[in-house]
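Each value in this text was obtained by applying a stated rule to the coordinates, not by laboratory testing. Computed from a predicted model, the values in this text were never measured in an experiment. Every residue, glycine as well, gets a Cβ built from its backbone with ideal geometry; the counts of neighbours run over all protein chains shown.
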Amino acid sequence: MTSLRCKRGYTMVDMAVVLLLIGAAMGTSGPLSRRMVALYQLNTATQTLAADLSQAKIRAIQSNALEAVERESSRDYRAAGYPRRLPGMVRFDAESAETVVFNGLGAVSDGASHRFVLVNLYGEAREIVIYAAGGHEVRKL
């Protein structure tokens, strides 16, 4: 007479269920993680552009000359004479200023306020308002 021994291990059904659960978890987290990357890129681009604006203002004061930050396309701008490119999921909105020029006093040379609006693929937006006196503010839209 043969005795039945308990075999330890997993059956194919067990493995299929585990793989199905892993697949479902990854399928729902994929779009979420892409959105998180887009938001991270938007926030990083906003901080970089705000820093470039501050640097342009400081350079204008130090050199007592005009310094500009210029938007060249929907994804490119120029600061301190160097080209900059926004991250892959971020672009300038059509309402963004073309150029902001600071004078030797650190104020905007044309005496008007300007704004740059950055948008990611999911429609999330950040606005940088540059006031006539030279200060700026970042807003979440």
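Assuming charge only on the beta carbon of Lys and Arg (+1) and of Asp and Glu (-1), the dipole of segment 12-140 about its Cα centre is about 160 debye to the nearest 20. With only the Cα atoms considered, segment 12-140 has a convex hull volume of 107 Å³ per residue.
When the helices in the chain are scored as -39500 (n - 2.57) per DSSP H run of 4 or longer and the sum is shared across all residues, what 222 nm value do you end up with, to the nearest 500 deg cm²/dmol? So the helix-based figure for the chain works out to -14000 deg cm²/dmol.
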